[in-house]
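Visitor: Here you go, one structure.
What follows draws every value from the coordinates through simple rules; no lab data is involved. Just so it is clear, the model here is predicted, and its values are computed rather than measured. Note: ideal-geometry Cβ built from the backbone for every residue, glycine included; neighbour counts use all protein chains shown.
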Amino acid sequence: MDMTAMCDVAFLLLTFFILTAKLRQEDPLHVDVPPSTTVIPLPDDNVATLSVGKGKIFFGIEGTAVREALLDEMGKKYNIPFTAAEKKRFSVIPTFGVPIAQLQQYIALDEEKRKAFPQSGIPVDTTINNELTSWIYEARLVTKSLNNKDLRFAIKGDAREEYPAYKKVVDVLQKQAINKFDLITSLKTK
Amino acid sequence: MAELDTSGGGKKGGKIRSKKASTRIDLTAMVDLAFLLITFFIMTTTLAKPKAMDMFMPDKSKPEVQLPVPETRTMTLWLGSNSKIEWFVGKPGGSRPTIDNFGKDGIRKTLVEQNKKIEETHQGPDNFMIVLVKPSDKSTYKDFVNIIDEINIAGIKSYGVVDITPGEVAQLKKDGNY
């Protein structure tokens with residue numbers, strides 16, 4: 001049998017899938033999501049993920065351009081002059097959980113060392129101007145101005161985490177009148 | 001079949017002929033490998049997409065839009081520690097809360113039964129049950145997601161997540177679920 005045509009098609013498809021495939025990035029915070037039966041697929045872009053686990057909160061947002069602009073805005077807000085090189089490096093970090101004062105130090109590390117860096121999570125307290133609030137607020141502004149879309153928020157909580165940790169994140173969101181968000185879960189049959 | 005011709009020319013007439021190699025190569029293994037990789041990439045790309053559950057919270061910024069809720073249509077759920085639930089229908093303090101578990105025969109059955117009961121005993125278009133979820137500080141995130149999920153499964157039209165009060169925590173403590 002002549003396999004040439006079949007081989008061609010197979011490799012064409014293979015190339016297509018390799019190119020479109022998104023590399024699965026490793027999460028710095030290991031989160032064990034709870035299962036649920038009613039699920040919807042999460043959109044690919046204009047989504048910010050708030051991971052909650054081990055009492056820490058990590059922040060992640062999709063899109064390199066959005067990340068760059070976001071760091072720029074945050075630098076202005078907290079008077080930290082981030083260089084263009086730092087913004088470039090920051091734009092490939094999918095999730096992070098360091099206070100903004102440590103961010104420069106964290107960005108400067110290479111990928112292997114970042115894993116070992118003790119990330120304490122993004123600081124949240126009861127005041128209206130905590131760092132998580134700023135990240136969320138600026139991320140919304142940046143997404144609106146760059147993509148002209150409303151930013152969606154997804155909470156990725158650890159199943160064993162106690163409820164108050166989750167409540168803290170929801171309170172921050174609700175203070176900015178975000179009453180609709182997604183909870184990332186795994187699929188379970190009824 | 002695409003195979004390498006290794007038989008050679010044989011010995012015809014005593015002459016030694018050079019081997020005539022075929023230009024066709026057996027591609028079977030290569031195609032196998034290609035399809036295996038395709039399968040792998042198809043699987044990983046579609047399954048890696050995160051799944052999520054929609055969650056709506058009441059708008060806190062507009063307290064004036066809160067509607068009065070008839071107590072007889074309200075079911076209150078407290079989430080305690082160790083995945084225990086306490087629930088009651090009606091006014092707080094009216095009846096002793098029932099302790100329940102998660103699962104098919106636990107809270108799911110309760111939700112469906114109570115919903116039916118309330119729809120039967122009430123008149124009008126607004127006769128659905130309203131569920132108030134009050135997670136205590138000792139409940140886990142998993143319990144919270146579970147209960148919202150159960151509410152979705154039971155088809156409850158209206159539910160809300162409310163903060164638990166110290167009095168309710170005391171009742172949970174008394175029952176050993178805090």
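Visitor: Between A:Ile184 and residues 5 or more places away or on another chain, which pairs have amide H atoms under 5 Å apart, with H built 1.01 Å from N, and which residues are they?
Guide: When sequence neighbours closer than 5 places are left aside, the close amide H contacts are A:Ile155, A:Lys156, A:Gly157, B:Met53.
Visitor: Based on the Cβ-Cβ distance from A:Thr189 to B:Ala21, what FRET efficiency comes out when R0 is 56 Å, to the nearest 0.05?
Guide: Numbers: r = 57 Å, r/R0 = 1.02.
About 0.45, to the nearest 0.05.
Visitor: Using only Cα atoms, locate the centre of segment A:94-133 and the centre of segment B:104-123, then give the distance between them in Å, rounded to an integer.
Guide: 47
Visitor: Given the protein assembly as shown reduced to its alpha-carbon atoms as identical point scatterers, what log10 I(q)/I(0) does the Debye formula return at q = 0.15 Å⁻¹?
Guide: Values, matching the q order: -1.29.
Visitor: With each run of n ≥ 4 DSSP H residues scored as -39500 (n - 2.57), what mean residue ellipticity at 222 nm is computed for the protein assembly as shown after dividing by its residue count and rounding to the nearest 500 deg cm²/dmol?
Guide: Theoretical 222 nm ellipticity from helices: -12000 deg cm²/dmol.
Visitor: Can you give the angle from 0 to 90° between the axis of helix A:163-175 and the longest principal axis of chain A, with both taken from C-alpha atoms, to the nearest 10?
Guide: Between the helix axis and the principal axis of chain A, the angle is about 80 degrees.
Visitor: Right, something else. Contact order normalised by length for segment B:63-174, with contacts defined as Cα pairs under 8 Å and 6 or more residues apart; what percent is it? Each step should come with its number before you reach the end.
Guide: Details: 161 pairs, mean separation 31.8, N = 112.
About 28 percent, as a whole number.
Visitor: Can you give the average number of partner chain beta-carbon atoms within 10 Å of each beta-carbon in peptide B:133-140, as a whole number?
Guide: Values: counts 0, 0, 5, 3, 4, 3, 4, 10.
The per-residue average across the peptide is 4.
Visitor: Give me the three principal axis extents of segment B:63-174 from the C-alpha atoms, as integers in angstrom, largest value leading.
Guide: The Cα atoms of segment B:63-174 stretch 39, 33, 26 Å along their principal axes.
Visitor: If you fit an axis through the alpha-carbon atoms of helix A:4-20 and take the longest principal axis of the Cα set of chain A, what angle between them do you get, 0 to 90°, nearest 10?
Guide: With rounding to tens, the tilt is 0 degrees.
Visitor: Normalise the Debye intensity by I(0) for segment A:27-187, one equal point scatterer per Cα, no solvent, then take log10 at q = 0.16, 0.17, 0.18 Å⁻¹ and round to two decimals.
Guide: Here the Debye-derived log intensity ratios amount to -0.92, -1.05, -1.19.
Visitor: Check the straight Cα-Cα distances from B:Lys19 and name the lysines below 22 Å, setting aside those fewer than 8 residues away within the same chain.
Guide: Within the straight-line limit of under 22 Å, B:Lys19 reaches these lysines: B:Lys11.
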